[in-house]
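A.B. asks: Let me begin by handing over the structure; questions about it come next.
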Amino acid sequence: MSSSNANSKLAAPIRACTVTRDVQNFDLLIEDMELELGEGWGDLTFHSALKYLDQPDARTLEFIAIAIDDEDDSNMAMIEAVIQRANSLKVSVLLIAEELSPIILHRLLRLGASDFVPYPLPEGALHDAILRLRQSTIEPMPGATQHQRNTTATQSQGAVYAIHPLAGGSGATTFAVNLAWEIANSGKKAPTVCLLDFDLQTGSVSTYLDLARTEKVYELLSNTAVLERDFFLNTLQTFNEKLRVLTSAADMLPLDLITPDDIERVIQMARAEFDIVIIDMPGTVVQWTETVLNEADVYYAMMEMDMRSAQNALRLIRALKAEDLPLEKIQYVLNRSPKFTDLSGKARAKRMAESLDIEFALMLPDGTSQVTHANDHGLPLAEIAPKNPLLKEIRKLAHSFATSVRDDNRAAA
C-alpha cells in the first residue's frame, strides 16, 4: 500500500492507520491489517501522520499502529510527536517494534503508547493486541461500582513457588515444568501460570517445552529498571496456549548479570499478572537467591537419597541459619524415593531426614526413562506418559494449588 492510501480510501471509513518509514518493510503487518480490517485502514509515513491527525477524518480512527525498527533513531522526535498528538485525540497507539532497545520502548510507552507487539509478528499477536485496545477503551457501565472499576488494581498478588536443586540431575527442572503445566491444565477455570527459568547458564526449561531462546530475555533482564508490563508479557512465550514461560537467554550469561533488585522487579511483575508463578532456580546460591527465598511462598529444595544431596542440604541449612533467613519456607522434596515395598530404602530415607533434622514434604517416585523421553521431545509428561507414577504425584500437588487459588478467588468475590 502507498503512503497516500489513508486519504484515497474515503469510500470505506478508515478505522486505523499504520505509521512507518516505509510500510513495505513490514509485509507481515500489511497482511495482518488486511486480515483484521479489510479495506478499512490506510498507511502513513511519519511526515504525513501529523498532518493527517489534524484532519477531521482522523477523529474516527480507532487506533494507529506505529511500526519502527533500529533504523528509525533519527525519526524518534517525530514518532514521539505522533504519539502525543494521537493521545490528545484519544486515538490508541499500538507499537510494532523490531530490534528496538528497551530504553526507547520504555520512553514511547511512557509517552502514551497503549500496547506493544514485537516484529516479526507472532501468529495472532496483532489480533490479540487490537482486542486489548478495544477492551481498554470500553467505558464502565453507569451502574458499575467503584470496586468493579478498580478490579485490576485490587487483585491479590499471585503465589510464588521456587524449585532449587541441591545436586545436579535431581529433577528440579522436570518438577518445575510439569508442576506448572499441570496447574495450568487443571480444568476450565485453571489458574493462570507463569514459569520463570532463572538458571541463566544451563537453564533447560526451553528444551523441555521445545521453546526458542530469544534475545528479548537478555534485554529484559539487563534493563529491568525500565521494565514495562507490555514488554514483560511480550517477552514470555506461550506453550500450548495455556502456560506462559520466560526461558533462559540465548547465550550463557554470568550469574551476577542481574541484581537482587532486578529479580524482585521481574517476580513482582509476574505475580501481578498471574495467579501462580513457578521459578526454576540454578543449583548455585547467588546474591539474589535470598531475594527469591523472601518472595516465595514455598521454596522447594530438590534432592535424592545420596551423600552429595545430604551434604549440600546441610550446607544450605547452615547458610540460611547464618544469615537468619526464613528457613521455614524451605520444603524438602525427595526425588526417586523408595517404592512402597522397599522397606530398606524407606528406612534409609528416614535416617537421612533424621540426620539432617528435616522432614520430606514430598517423596516423588522414580519417573523412569519416560521422563528423559518426554524431556528430549520437548513435552510435559502428561503428553507422553499420562499414567507415569511421578506425574500422578505432581498432579496431586498441582490440584491442591489450583483448588487454593479458586477458593481464594471465591472468597475475594
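Rule-based calculations on the coordinates, nothing more; no lab input. Since the model is a prediction, treat every value here as computed from it, not as a measurement. Cβ sites come from the backbone with ideal geometry, for glycine too, and all protein chains shown count toward neighbours.
A.B. asks: Can you pick out the pairs among LYS350/LYS387; LYS242/LYS321; LYS242/LYS387; LYS321/LYS346 whose Cα atoms lie more than 31 Å from each other?
C.D. replies: Numbers: LYS350/LYS387 28 Å; LYS242/LYS321 39 Å; LYS242/LYS387 21 Å; LYS321/LYS346 28 Å.
Over 31 Å Cα-Cα: LYS242/LYS321.
A.B. asks: Just grab the label-to-label distance for THR259 and ASP324, each label 7 Å out from Cα along the Cβ direction, in nm (one decimal).
C.D. replies: Taking the two extended label points, one gets 2.4 nm.
A.B. asks: Counting Lys and Arg as +1 and Asp and Glu as -1, each charge on the Cβ, what is the dipole of the chain about the Cα centre in debye, to the nearest 20? Walk me through the intermediate numbers first.
C.D. replies: Numbers: 38 positive and 58 negative charges, 356 e Å.
Charge dipole of the chain: 1700 debye, to the nearest 20.
A.B. asks: Oh, and also: Let me see the pair-distance distribution of the range 5-136: every alpha carbon pair, 10 Å bin width, integer percents in order.
C.D. replies: Bins of 10 Å from zero give 13, 50, 34, 3, 0 percent of pairs.
A.B. asks: Against the longest alpha carbon principal axis of the chain, how many degrees, from 0 to 90 and to the nearest 10, is the axis of helix 102-111 turned?
C.D. replies: So the helix axis and the longest Cα principal axis differ by about 60 degrees.
A.B. asks: What is the extension gain from ASN409 to ASP210, computed as 0.36 nm multiplied by their sequence separation minus the C-alpha to C-alpha distance, in nm to one decimal? List each step's numbers first, then the result.
C.D. replies: On the way: separation 199, 0.36 × 199 = 71.64 nm, distance 3.22 nm.
Stretched fully, the ASN409-ASP210 segment lengthens by 68.4 nm.
A.B. asks: Report ³J(HN,Hα) in whole Hz for each residue of the range 185-190, in order, from the Karplus equation J = 6.51 cos²θ - 1.76 cosθ + 1.60 where θ = phi - 60°; Gly and Pro get x.
C.D. replies: Result, rounded to whole Hz: 10, 8, x, 5, 9, 5.
A.B. asks: Where nothing but the Cβ of Lys and Arg (+1) and of Asp and Glu (-1) is charged, how large is the charge dipole of the range 256-413 around its Cα centre, in debye to the nearest 20?
C.D. replies: Numbers: 19 positive and 25 negative charges, 182 e Å.
Value, rounded to 20: 880 debye.
A.B. asks: Quickly estimate the mean residue ellipticity at 222 nm for the chain, helices only: each DSSP H run with n ≥ 4 gives -39500 (n - 2.57), and the total goes over all residues, rounded to 500. Show your work: numbers first, answer last.
C.D. replies: Numbers: 19 runs with 185 residues, N = 413.
The helix contribution divided over the chain gives -13000 deg cm²/dmol.
A.B. asks: Go ahead and set up a Gaussian network model of the chain, Cα springs under 10 Å, then flag whichever of THR60, THR235, THR247 fluctuates most.
C.D. replies: Fluctuation is largest for THR60.
A.B. asks: With unit charges on the beta carbon (Lys/Arg positive, Asp/Glu negative), name the residue among ILE96, GLY40, HIS399 whose Cα is farthest towards the positive pole of the charge dipole of the chain.
C.D. replies: Farthest towards the positive end: HIS399.
A.B. asks: How high is the relative contact order of the chain? Use alpha-carbon pairs under 8 Å, at least six apart in sequence, and give a whole percent.
C.D. replies: Numbers: 671 pairs, mean separation 61.2, N = 413.
Computed over the chain, the figure is 15 percent.
A.B. asks: Please work out the Cα center distance from the range 47-84 to the range 290-329, rounded to the nearest Å.
C.D. replies: Each part's Cα centre sits 53 Å from the other's.
A.B. asks: Around ALA65, which amide H atoms from residues at least 5 apart in sequence, or from another chain, sit under 5 Å from its own amide H, with H modelled in the peptide plane?
C.D. replies: CYS17, THR18, VAL19, LEU94
A.B. asks: Return the tail of the calculated pair distribution for the range 219-281, meaning the percent of Cα-Cα pairs more than 14 Å apart.
C.D. replies: Values: 1167 of 1953 pairs.
Considering the range 219-281, 60 percent of its Cα-Cα pairs are separated by more than 14 Å.
A.B. asks: Still on this structure, I have one more. Given SER186, GLN135, PRO56, which one lies farthest toward the positive end of the charge dipole of the chain, if we put +1 on the Cβ of every Lys and Arg and -1 on the Cβ of every Asp and Glu?
C.D. replies: Checked the options; the winner is SER186.
A.B. asks: Looking at the chain, I'd like the Rg to Rh ratio, where Rg is from alpha-carbon atoms and Rh is Kirkwood's inverse mean 1/r. Let's see the in-between values first.
C.D. replies: Working: Rg = 24.9 Å, Rh = 23.7 Å.
In the chain, Rg relative to Rh is 1.05.
A.B. asks: Give me the net charge of TYR208's neighbourhood, meaning all other residues with Cβ under 10 Å from the Cβ of TYR208; Lys, Arg count +1, Asp, Glu -1.
C.D. replies: -4
A.B. asks: Next up: Work out the charge dipole of the chain with +1 on the Cβ of Lys and Arg and -1 on the Cβ of Asp and Glu about the Cα centre, then indicate which of THR284, ALA113, LEU334 is farthest towards its positive end.
C.D. replies: Going by the charge dipole, the pick is LEU334.
A.B. asks: Could you give the distance between the Cα centres of the range 208-237 and the range 251-288, to the whole Å?
C.D. replies: Centre-to-centre (Cα) distance: 12 Å.
A.B. asks: Among ALA382, ALA322, ALA225, which one shows the highest mean-square fluctuation when the chain is modelled as a Gaussian network with alpha-carbon springs under 10 Å?
C.D. replies: Largest GNM mean-square fluctuation: ALA322.
A.B. asks: Could you pull out every residue, at least 5 positions away or on a different chain, whose amide H is within less than 5 Å of the one on VAL298? Hs are placed 1.01 Å off N in the peptide plane, and Pro or chain starts have none.
C.D. replies: VAL160, ALA162
A.B. asks: So for the range 249-395, considering every pair of alpha-carbon atoms, how many percent are separated by more than 25 Å?
C.D. replies: Tail of the P(r) past 25 Å holds 42 percent of the pairs.
A.B. asks: Turning to a different aspect of this structure: Given charges of +1 on the Cβ of Lys and Arg and -1 on the Cβ of Asp and Glu, with all other atoms neutral, how large is the dipole of the range 5-136 about its Cα centre, in debye to the nearest 20?
C.D. replies: Values: 11 positive and 22 negative charges, 178 e Å.
I would put it at about 860 debye.
A.B. asks: Could you list the residues of the range 180-212 with an amide nitrogen less than 16 Å from a label point located 7 Å from the Cα of THR284 in the Cα-to-C-beta direction?
C.D. replies: 198-204
A.B. asks: Provide the per-residue ³J(HN,Hα) series for the range 124-132, in order, calculated from phi with Karplus coefficients 6.51, -1.76, 1.60 and θ = phi - 60°, each as a whole number of Hz, with x at glycine and proline positions.
C.D. replies: Taking θ as phi minus 60°, the curve returns x, 5, 5, 4, 5, 5, 5, 4, 5 Hz for the range 124-132.
A.B. asks: With θ set to phi - 60° and the Karplus curve 6.51 cos²θ - 1.76 cosθ + 1.60, what are the ³J(HN,Hα) couplings of the range 227-232 in order, to the nearest whole Hz, using x for Gly and Pro?
C.D. replies: 5, 10, 3, 5, 5, 4
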